[in-house]
There are 2 protein chains.
Amino acid sequence: MDPGAPKFRRRKAERPGEIVAAALAVFAEKGFAAARLDEIAARAGVSKGALYLYFETKEDLFRAVVGQAIAPNIAAVRAMAEAHPGPFEDLLRGVATQLAHIVGVTRIGSVAKMVIGEARNFPEVARVWHDELVAHALAAMSGAIAAAQARGEVKPGDPRVYALQLISPMLLAVIWRETFVPVGAEPFDLNTLVSQHVETILRGMLAEGAST
Amino acid sequence: MDPGAPKFRRRKAERPGEIVAAALAVFAEKGFAAARLDEIAARAGVSKGALYLYFETKEDLFRAVVGQAIAPNIAAVRAMAEAHPGPFEDLLRGVATQLAHIVGVTRIGSVAKMVIGEARNFPEVARVWHDELVAHALAAMSGAIAAAQARGEVKPGDPRVYALQLISPMLLAVIWRETFVPVGAEPFDLNTLVSQHVETILRGMLAEGAST
DNA sequence: TGCTAATAACCGACTGGTCAGTTATTAAGG
DNA sequence: CCTTAATAACTGACCAGTCGGTTATTAGCA
């Protein structure tokens with residue numbers, strides 16, 4: 001051992017980001033309750049005590065993960081849904097593609113699954129996820145659908161239910177990947193699923209006269 | 001207190017069923033990890049030690065819950081899907097109705113959510129759920145879809161993906177109810193959702209020439 | 001430029017509480 | 001009165017959060 005090597009380094013600015021990244025990984029892998037603060041600390045290269053210099057509680061740490069690592073992705077989708085000028089069909093294809101990409105490259109699916117599984121025991125976790133992500137995304141999607149209905153592009157029906165129909169297969173595919181593939185189930189290919197679903201649902205949603 | 005009243009009664013035959021019923025309730029409410037054996041025992045009217053007279057471990061108890069309280073419901077759906085003689089459209093409407101009913105009156109949704117949430121930490125739980133329920137149900141549904149495709153009733157496409165598209169909104173609605181409604185979100189009406197989804201998806205799945 | 005407080009980032013052992021599973025003991029019931 | 005269902009106290013392991021001590025870094029001074 002080098003006796004001159006420092007035991008640690010003071011890096012106040014970098015710590016929070018590193019801790020949030022480590023927490024994201026551990027929450028995604030283990031879930032909220034089973035995530036060990038010792039492990040998060042170890043992965044972030046600090047001691048458990050250091051966690052409490054930057055975050056008040058485990059829940060507070062989760063809030064930071066949602067706000068910094070997850071929410072920006074959803075905000076991008078929301079912006080797209082709200083700003084899109086063209087016909088509904090194009091909007092839907094665009095959003096689906098973007099969502100599939102985000103699901104493919106981030107841990108959002110794992111964290112969503114975590115939220116689902118632990119909502120009852122940690123309502124605050126569910127509330128954060130709902131208020132900061134889901135409610136906004138759902139409002140944006142159903143708003144776009146309602147607007148398309150007003151233009152006569154989409155058949156009558158509850159816009160909120162349409163929004164649920166739209167995203168549910170993707171969510172279920174993620175759940176499948178996280179839940180059953182590890183115990184031997186055949187995975188679903190996200191691209192196949194998204195394209196087949198978009199075609200099916202468009203055929204079902206679009207009003208008769210609309211272009212394709 | 002009545003000094004003549006017995007402290008307990010020996011009821012070897014009834015205990016397992018009562019324990020399984022109590023375990024179902026607690027697993028559904030709390031999830032696997034957060035379910036306390038003390039609480040299960042209390043609800044079953046026995047001591048914790050008595051649990052171990054009938055079940056080896058907590059996981060073993062969960063296996064019994066799946067086998068005795070959940071699997072029979074799914075087996076009924078499966079039988080319907082496999083035996084249905086008429087056109088695909090009728091089969092789909094029948095299965096959807098039956099599923100909506102089961103979801104409405106049993107705790108299957110809560111337990112499904114539990115399995116999803118705790119799969120990674122308790123792979124054995126996920127394996128039991130998949131092997132004894134999901135795999136069979138998915139095979140039956142995609143088999144029926146493939147058969148309908150062979151008869152020219154349903155458009156080309158991966159039958160497994162179609163099956164996923166079919167059931168995913170219902171599952172997501174249950175997840176929504178269990179996860180976000182308790183923290184203030186607006187619930188989805190299961191009947192509205194099922195009927196709108198069936199109409200949408202049928203319009204998207206059925207081949208052009210098929211009747212409606 | 002070097003030396004020495006003073007500061008605060010960081011560590012890690014510890015606490016208080018929880019809980020799955022075990023076991024010594026009791027009493028129900030043939 | 002003897003077998004065994006059932007109890008209740010117990011054990012050992014685990015973990016979120018705390019806190020007194022330690023060390024890197026900086027500021028002050030020569």
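Check the protein assembly as shown and count each lysine pair with an alpha-carbon distance under 16 angstrom, considering only pairs eight or more places apart or from different chains. Lysine pairs, 8 or more places apart or on different chains, close enough: 13. Measuring between their Cα centroids, region B:180-198 and region A:168-190 lie 23 Å from each other.
Stokes-Einstein, applied to the Kirkwood radius of region A:107-212 over Cα pairs at a viscosity of 0.890 mPa s and 25 °C, places its translational diffusion at 157 µm² s⁻¹. Over chain A, what is the relative contact order in whole percent, taking alpha-carbon pairs under 8 Å and six or more residues apart? With pairs under 8 Å counted, the relative contact order is 21 percent.
When each of the peptides B:156-164, A:158-166 is scored by how many other beta carbons lie within 10 Å of its residues on average, the order from highest to lowest is A:158-166, B:156-164. Please compute the modelled spin-label separation between B:R9 and A:T106, points set 7 Å along Cα→Cβ, answer in nm with one decimal. Placing both labels 7 Å along Cα→Cβ, they lie 5.8 nm apart. Along its first, second and third principal axes, ordered by size, the protein assembly as shown spans 71, 71, 43 Å in Cα coordinates. For A:S47, B:S168, A:S195, the sequence from fewest to most other C-beta atoms within 10 Å is A:S47, A:S195, B:S168.
Which whole-angstrom value gives the distance between the alpha carbon centres of region B:89-150 and region A:40-77? For region B:89-150 versus region A:40-77, the Cα centre distance is 35 Å. Size of region B:58-97 from its Cα atoms: along the principal axes, largest to smallest, the extents are 44, 16, 10 Å. Fewest neighbouring Cβ atoms within 10 Å first, the residues B:H197, B:H136 line up as B:H136, B:H197. With its label point defined 7 Å out from Cα along the Cα-to-Cβ axis, B:V183 lies at 2.6 nm from the matching points of the other copies, in increasing order.
Under DSSP H, which helices of chain B have Cα atoms covering 27 Å or more of the helix axis and a Kyte-Doolittle average no less than -1.0? The partial results should precede the final answer.
Details: long enough: B:159-179 (29 Å, 0.72).
Span-like helices in chain B: B:159-179.
Proximity of backbone amide H atoms, modeled 1.01 Å from N, is registered between B:V154 and B:Q149, B:A207 at under 5 Å, excluding neighbours fewer than 5 places apart on the same chain.
May I ask which residue of B:G67, B:L138, B:P187 lies farthest towards the positive end of the charge dipole of chain B, with charges of +1 (Lys, Arg) and -1 (Asp, Glu) on Cβ and the Cα centre as origin? Of the options given, the answer is B:G67.
The charge dipole of chain A, taken about its Cα centre with unit charges on the Cβ atoms of Lys, Arg (+1), Asp and Glu (-1) only, comes to about 680 debye. Taking the axis that rotates chain B onto chain A, the chain B residue nearest to it by Cβ, with the distance rounded to whole Å, is B:G117, 1. Lys and Arg at +1, Asp and Glu at -1: add these up for the other residues within a Cβ distance under 15 Å of B:E39 and post the number. Residues close to B:E39 contribute a combined charge of +3. Inter-copy label distances at B:A147, using a point 7 Å along Cα-to-Cβ, come to 4.6 nm with the shortest given first.
Rounded to the nearest 500, the 222 nm mean residue ellipticity of chain A from helices alone is -21000 deg cm²/dmol, with -39,500 (n - 2.57) taken per DSSP H run of at least 4 residues.
We did not get these values from a lab; they are worked out from the coordinates using the rules stated. Keep in mind the model is a prediction, meaning the values are calculated, not measured. Don't worry about glycine lacking a Cβ; one is built from the backbone with ideal geometry, like all the others, and counts go over all protein chains shown.
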